[in-house]
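The values are calculated or read from the model by the stated rules, or taken from the named source; none is laboratory data. For clarity, every value in this text was computed on a predicted model and none was experimentally measured. So basically every Cβ, Gly included, is an ideal-geometry build from the backbone, and we count neighbours across all protein chains shown.
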Amino acid sequence: MALSQMLGRALEYCYHRDRRLITLVITVMLSFLIFKTIPRAQKKKQSPVPVSVNYFPSRLCNKTCGFCFHVDKTSYILPEEEAKRGLKRLVEAGMKKLNIAGGEPFLYPEFIGHLCQYVKEDLHLESVSLVTNGSKVTERWLRKYGKFVDIIAVSCDSFNEQTNIEIGRGTGDNVQQLRRIKTWCQQYGIKFKMNTVVCSLNWQEDLSALIQELAPFRWKVFQVLLVGGENDEKSTTTGRGKLFDKFHITDEQFESFCRRHKHVGDLFIPEPNNVMAKSYLLLDEYMRFLDKGNGVEKTSESILDVPVEKALSQVEWDVESFEKRGGIYDWKRKLPEPGSGGNCGTTKPELDW
């Protein structure tokens, strides 16, 4: 009896011990599964929001800048209603600022005007900006559509006409047109901005005096950027973009240009290649997101065909770099100057978020 009791106790001990081990194993496994599941849920919730989108409705341009990274590979432009459908999807996905570039957007003045009016009046978008070479901007257009525009950015790489001709921007009327646009922006309550691409032809120039005279609220200064399939040697059959080597500069040359101009103050915003890469959310003429960050262009599916979130997942957009380069700022329009006759509607001095 004593032996059987001892054996029974031994079996009972093993049973209880195994049960505790089984319970421990199950607990560990459940904890592991929960640990693996929570980050996935968090990651899904933190999908990038397309806060600021750069839309290129057309690649066509009336200039021939040799370093252009968005050349005229097609002449396509969406029907207006399709473009509006895509913009509505972007706003529903969280877009707060739309930047319309090109190409030259003012080659399609009514199309662009209708889009600006739509996103402001119907979609109540916070900010609309336009990037232009300035040659096609008119006061008549601003009188009609200026109240729907917060910012106009004019591209200007040099105040030397011969340099502009070599780059592909020459008109003979560069500075005068800049002054006109600056005056119109003041009149119609639009913020005036300037963009400059620093390349081998202008990196030694000093633009300080005229920049200070024109006094843009922001002066973006970009290091010329190589993008495969756009401005490399196999870009187009038209000759545009084939001479990138002619325009390339070193990081040291870009830094030299920046040192020469940093005294102009907070309006000066330099962007070397490593800052530009992957920090801009780009949308092409088919409303596909573009990824130009690794020197080779990639495209997503069109947001007209798939949800914005899915299209975003198909390209790399570095939200942290976007924020670090100052991608979020006071991008709303200002009141027109007293007595100017401009009509800007309402404005808010602060961002809502």
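Quick look at the values:
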{"quantity": "Residue among Phe56, Phe111, Phe67 that is assigned by TED's automatic domain parsing to the domain that holds Leu281 and under 20 Å from Asp305 (Cα atoms)", "calculated": "Phe56"}
{"quantity": "Matching residues in region 213-234 - criterion: being modelled with pLDDT of 55 or more and assigned to a loop (DSSP other than H, G, I, E, B)", "calculated": "Ala215, Pro216, Phe217, Val224, Leu225, Leu226, Val227, Asp232, Glu233"}
{"quantity": "Helices (runs of 4 or more DSSP H) within region 80-178 that include 1 or more residues closer than 21 Å to Tyr280 by Cα", "calculated": "80-92, 109-117"}
{"quantity": "Residue match in region 130-138 (condition: among the charged types (D, E, K, R), assigned by TED's automatic domain parsing to the domain that holds Arg218, buried (at least 21 other Cβ atoms within 10 Å of the Cβ) and touching a Phe, Trp or Tyr at 6+ places or on another chain (Cβ under 7 Å))", "calculated": "no"}
{"quantity": "Any hit, region 49-69, residues being assigned to a loop (DSSP other than H, G, I, E, B) and at pLDDT below 60", "calculated": "no"}
{"quantity": "Residue in region 145-162 that is out of contact with any strand residue (DSSP E or B) (no Cβ under 8 Å at 6 or more places or on another chain), surrounded by fewer than 17 Cβ atoms within 10 Å (Cβ to Cβ) and modelled with pLDDT of 95 or more present", "calculated": "no"}
{"quantity": "Filter result for Cys185 (closer than 16 Å to Thr64 by Cα and under 25 Å from the mean Cα position of the chain (by Cα))", "calculated": "no"}
{"quantity": "Selection count, region 171-210, where residues are under 22 Å from Lys246 (Cβ atoms) and surrounded by 15 or more Cβ atoms within 10 Å (Cβ to Cβ)", "calculated": "13"}
{"quantity": "Those residues of region 183-212 which are assigned to a loop (DSSP other than H, G, I, E, B) and in contact (Cβ under 8 Å) with a residue 60 or more places away in the chain, in sequence order", "calculated": "Gly189, Ile190, Cys199"}
{"quantity": "Ile165 vs. criteria of a type in the set (A, V, I, L, M, F, W, C) and buried (at least 17 other Cβ atoms within 10 Å of the Cβ)", "calculated": "no"}
{"quantity": "Members of region 129-174 found to be of a type in the set (A, V, I, L, M, F, W, C) and more than 25 Å from Tyr55 (Cα to Cα), listed by number", "calculated": "Phe159, Ile165"}
